[in-house]
Structure formats: C-alpha cells, structure tokens
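Asks: Next up is a structure, given as structure tokens.
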Amino acid sequence: MKEDPILSNLITELKRGNLTLCVLSQLKKPQYGYSLLQLLADKQIPIEANTLYPLLRRLEVQELLSSTWDTSEARPRKFYVLSDKGTALLSELGKAWQEHYQRVGALLAEEGHE
Amino acid sequence: MSDLIGRYVEETVRHLSLKERAEVAKELEANIQDMIGGDDSEQHVEQVLLDMGSPSVLAKQYRGKERYLIGPETFDFYWMVLKLVCLVVGIVTVVITLISLFFTESPVGIGTMIAKPIASLFSALSGAFLWVTITFAIMDYYQVNATLESWDAKALHDLEEAPTRLIKKSDSIADLVGLSVFFLLLAVLFNRPELIALYRKDAAPVPLFIGQALRPYVIGWMATVILSFIVSALKWFKGKWTSTLFVLSASVDLLGIIYFIFVATRWKLYNPAFLTIFPGSMTRWQIIIKAASVVLLILTLIGNGDDAYTVFRRTRPDEAGPARQR
C-alpha cells in the first residue's frame with residue numbers, strides 16, 4: 001500500500017518540531033556530529049545528516065552549544081556540548097514539552113472515550 | 001576519492017557567508033569522513049554524498065533562513081507602494097507627455113498622439129518598478145523593519161468603521177483609468193477636431209465642429225477632467241468617504257456636467273453642413289442636445305445622491321461613542 005503523503009508530511013512536521021529538544025538532550029556529554037547521529041539513531045530518533053550538522057552549527061551560533069576541536073586522533077573532530085545557556089534552556093524547553101505532551105495526551109484520551 | 005568530498009564541501013560552503021566558510025568546510029568534511037568510515041570505495045563515497053542531499057539545499061540549512069529579494073513580511077507593503085508609485089508616475093507621465101505634445105511647434109499626427117504617451121508610460125513604469133524593487137530589496141537585505149501596520153487596539157477599532165463608507169479601490173481605479181482615456185480623447189479632439197466627422201464613401205468627410213472655435217472650450221474641459229482626476233486619486237488614496245471628500249467629489253462631478261452642457265449648447269460651434277445631413281436641422285439638434293443634457297444631469301445627481309446616502313447614513317451612530325450599534 002502506498003503511504004498517504006499528507007500523513008507522512010504531518011508526521012515529519014511533528015518530529016521536526018521536537019528535533020532541537022532531542023539534540024540538546026543528548027549533549028550533556030560532548031559529541032561530534034557523526035557520533036550524535038548514531039546515538040540518536042540507536043535511541044529510535046533517526047535524523048538526517050543534512051539536517052543535524054547544520055542544526056548543530058546554528059545552535060552553536062545561538063550560544064546554546066560550545067565546541068572544541070579534538071585533534072589528538074588521526075582525524076580532527078569537532079565536539080559539541082551544552083553551554084550554561086543551553087543547559088538552562090533545555091530544562092525550560094523540556095518542561096514546556098512535558099506540559100504540552102500531557103495536554104495533547106488528554107485531548108486524545110478524551111476522544112478515545114467517545 | 002577525497003577529491004569528490006572536497007568538491008562537495010566546496011560547493012556547499014560557496015553559498016555561505018565568508019566568515020563561516022572555513023569552519024563549516026572543516027567540520028563538514030570531518031563528518032563526511034566519519035560517515036564513510038573505512039570503506040572509501042568510490043561507490044560508497046558516492047552513496048554517502050547522495051544521501052547528504054544537494055549542496056545548495058544543505059547550504060540553505062546552514063544559513064537557517066530562506067533568501068528573498070523581497071521577504072514575505074515586507075511583500076504586502078512593497079506591493080502597496082509599488083501600485084501607488086506606478087499609478088502616480090503613470091498618470092504624471094501621461095499628462096506631461098500629452099501637454100508637451102500640444103505645445104510642440106509642428107502639428108502632431110494621431111499615431112504619435114497615441115504612441116508617444118504609451119512609450120513614455122512604459123519607460124516610466126519600468127523605472128518606477130526598478131527603483132521601488134531595489135529600495136525594498138536593500139531594505140530587506142539589511143533587515144529594515146517595514147511591516148505594513150501595527151496591530152493594536154487602535155488598529156482594531158479602525159477596522160470597525162462602517163464598511164459601507166469604504167470606497168472600493170477597484171472603483172477608484174476604474175474612475176482613474178476612465179478619466180485618463182477621456183483626457184486622451186479630449187487631447188485628440190483639441191489637436192484634430194476635424195476627426196469627429198461624418199465619413200462618406202464618395203465625398204469628403206464633413207466635420208461636426210468648427211475646429212478653431214472649439215479649441216478654447218476643449219482646454220477648459222480638460223481642466224475639469226484634471227480636477228476630477230485629482231479627486232478620484234484622493235478617493236483612491238483615502239479609501240474611505242469623509243464629508244469633505246464627498247463635497248469635493250460631488251462638486252467636480254457637477255462642475256464636469258455643467259461645463260459639458262455649457263459647451264454642448266454653444267450652437268455656434270457646430271458645423272451647419274453636418275447638421276443638415278444628420279438630424280436634419282439645427283432645431284432638431286438642439287432638442288437632442290437639451291434632452292441629452294437633462295438625462296446626463298439626472299444621472300449625475302443620482303450618482304451623487306447615492307454617494308451622499310453612503311456617506312451620511314452611518315455617520316451619526318458611529319459618533320455616538322463606545323457603545324456602538326451594529
């Protein structure tokens with residue numbers, strides 16, 4: 001059966017809204033681009049490389065992440081970690097998400113009873 | 001195979017600002033190398049780069065925002081200004097071109113009379129479009145905030161104005177266009193009064209007017225059209241009836257029709273040769289003109305009455321205060 005394009009669009013949009021939150025949540029410990037990509041994929045949050053890398057860069061520009069280049073390995077890697085600003089923001093954003101998630105859940109449960 | 005990666009990275013950062021390029025390139029290349037891992041066969045590298053998507057799309061992600069000449073926030077304002085500027089520039093150009101055509105030494109043919117205003121209109125409008133667009137593009141580039149209007153309590157209450165008192169933009173524009181065309185016809189009439197004539201197969205055309213006598217009247221007529229034009233432009237600009245605007249509008253309408261009747265009843269302007277052919281005699285022609293004058297006057301009064309009804313009907317309750325009645 002062919003996938004409904006409207007549905008898949010909406011699902012993509014739904015996930016995209018939470019992307020920043022997912023990324024920030026995984027950066028309490030330093031990660032580089034590809035390791036974060038794999039980490040998220042392992043936790044059932046697959047994200048496209050061409051979305052993640054630019055997102056990391058933008059979050060750095062917004063000073064939510066700080067970065068360091070690790071040149072000790074054969075290949076240089078840029079490690080990102082939450083800045084103080086990012087940590088504070090993550091906690092607020094997480095709270096907001098929880099609240100919203102509960103409200104949406106309540107709405108859906110309500111419909112289920114009918 | 002690193003050449004392929006290098007070219008991909010280069011193509012991506014080319015779309016970014018200068019200060020970002022080196023950093024993004026270095027990082028992107030490292031990430032791609034990580035994704036490729038140990039298997040650096042051409043096939044695998046190709047696959048990884050294909051999965052990354054096109055460089056221009058990736059670059060857009062890095063920029064984090066779309067690039068516009070005129071952004072969506074400014075577009076409405078841009079469009080409004082563009083229309084207004086084009087209208088004003090267009091009108092002024094046509095009027096000036098026509099006026100300059102009248103005062104040329106040599107007689108001007110009907111072809112030039114039509115072609116020249118169109119040509120200058122085209123070049124003026126192109127210029128207006130160019131400069132308005134460039135101005136807005138620069139404003140957009142430097143993120144100058146030019147939103148159409150603020151949204152506050154005052155703006156909300158302005159919305160509540162009786163909708164019947166609004167003047168439709170399309171009506172005003174139709175008026176402006178109609179008046180321009182009429183002005184153009186008057187210009188032709190001034191220049192070549194003999195063109196309004198009875199054309200017959202086997203004889204010379206018989207003009208309706210005695211040209212030399214008609215000319216001064218046409219100039220006066222054009223003046224009334226210019227006045228109407230100014231008032232119509234004002235109506236377009238305000239978009240809403242006010243008492244003053246109504247008085248102005250009614251005055252120019254009446255002035256126009258009275259002037260028309262005044263000119264039409266100057267019997268000396270007509271060519272007797274024409275009248276003997278068409279209505280038969282001067283007396284019959286006078287009856288036709290007088291009847292037409294009465295009909296036109298009545299139509300004008302009806303139009304003004306309609307406007308007056310629109311303007312004054314809703315005015316009183318609106319001024320009653322905050323407790324508006326709808």
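What follows is calculated from the coordinates using simple rules that are stated; it is not laboratory data. Bear in mind that the values here come from a model prediction, so they are computed numbers and not experimental data. Here the Cβ is made from the backbone with ideal geometry for all residues, glycine too, and neighbour counts use every protein chain on show.
Asks: Exposure proxy check: B:Y68, B:Y259 ranked by fewest other beta carbons within 10 Å? Walk me through the intermediate numbers first.
Replies: Numbers: B:Y68 13, B:Y259 16.
Listed from fewest to most nearby Cβ atoms, that is B:Y68, B:Y259.
Asks: From the phi of every residue in region A:32-44, what ³J(HN,Hα) in whole Hz does the Karplus formula 6.51 cos²θ - 1.76 cosθ + 1.60 yield, where θ is phi - 60° and glycine or proline is x?
Replies: With the stated coefficients, region A:32-44 comes to 9, x, 6, 5, 5, 4, 6, 4, 5, 4, 4, 8, 6 Hz.
Asks: Moving on. Any chance you could tell me what percent of the C-alpha pair distances in region A:1-113 go past 18 Å?
Replies: So the portion of pairs separated by more than 18 Å is 59 percent.
Asks: Another question, if that's okay. Using the Cβ atoms and a cut-off under 14 Å, what net charge is assigned to the surroundings of B:I289, where Lys and Arg are +1 and Asp and Glu are -1?
Replies: Local charge sum for B:I289: +4.
Asks: Right, something else. Based solely on its DSSP helices, what 222 nm [θ] is calculated for chain A when runs of n ≥ 4 H residues each add -39,500 (n - 2.57) and the sum is averaged over all residues, nearest 500 deg cm²/dmol?
Replies: That calculation yields -22000 deg cm²/dmol at 222 nm.
Asks: Under the rule a/c < 1.5 gives rounded, and otherwise a/b versus b/c splits prolate from oblate, where does region A:16-63 land using the Cα gyration tensor?
Replies: Details: a/c = 1.42, a/b = 1.27, b/c = 1.12.
Rounded, because the longest to shortest axis ratio a/c is under 1.5.
Asks: Something else now. Report relative contact order for region B:169-253 in percent, whole number only (criteria: Cα-Cα under 8 Å, sequence separation at least 6). Provide the component values of the computation, followed by the final result.
Replies: Values: 69 pairs, mean separation 28.0, N = 85.
RCO, region B:169-253: 33 percent.
Asks: Mind listing the long-range amide H neighbours of B:A197? Cut-off is under 5 Å, sequence gap 5 or more, other chains count too, H placed in the peptide plane at 1.01 Å from N.
Replies: The list, which skips near neighbours in sequence, is B:L208.
Asks: Taking the Cα centre as origin and putting +1 on Lys and Arg beta-carbons and -1 on Asp and Glu beta-carbons, what dipole magnitude results for region B:2-63, to the nearest 20 debye?
Replies: On the way: 7 positive and 13 negative charges, 107 e Å.
Charge dipole of region B:2-63: 520 debye, to the nearest 20.
Asks: Using a Cα-Cα cut-off of under 18 Å, which lysines could be cross-linked to B:K268, ignoring same-chain neighbours fewer than 8 residues away?
Replies: B:K290
Asks: How do B:S249, B:S126, B:S120 line up, fewest other C-beta atoms within 10 Å first?
Replies: The fewest-first ordering by Cβ neighbours comes to B:S126, B:S120, B:S249.
Asks: While we're here: Calculate for chain B the 222 nm mean residue ellipticity that helices alone would give, adding -39,500 (n - 2.57) per DSSP H run of length 4 or more and normalising by residue count, nearest 500 deg cm²/dmol.
Replies: Calculated at 222 nm, the ellipticity per residue is -24500 deg cm²/dmol.
Asks: What translational diffusion coefficient, in µm²/s and rounded to a whole number, does the Stokes-Einstein relation yield for the protein assembly as shown at 10 °C and a viscosity of 1.306 mPa s, taking the hydrodynamic radius as the Kirkwood radius over Cα pairs?
Replies: D = 53 µm²/s.
Asks: Tell me, A:Y32, A:Y80 in order of fewest to most beta-carbon neighbours within 10 Å?
Replies: A:Y32, A:Y80
Asks: At a Cα cut-off below 17 Å, give the lysines reachable from A:K43, other chains included and same-chain residues fewer than 8 away excluded.
Replies: In chain and number order, the partners are A:K15, A:K28, A:K29.
Asks: Right, here's the next one. Work out which helices of chain B, taken as complete DSSP H runs, extend at least 20 Å along their axis over the Cα atoms and score a mean Kyte-Doolittle of 1.0 or more, then list them.
Replies: B:72-102, B:110-141, B:169-191, B:243-264
Asks: Please enumerate, by chain and number, the lysines with C-alpha under 27 Å from the C-alpha of B:K235, excluding those fewer than 8 residues away in the same chain.
Replies: Partners within reach: B:K83, B:K154, B:K168, B:K169.
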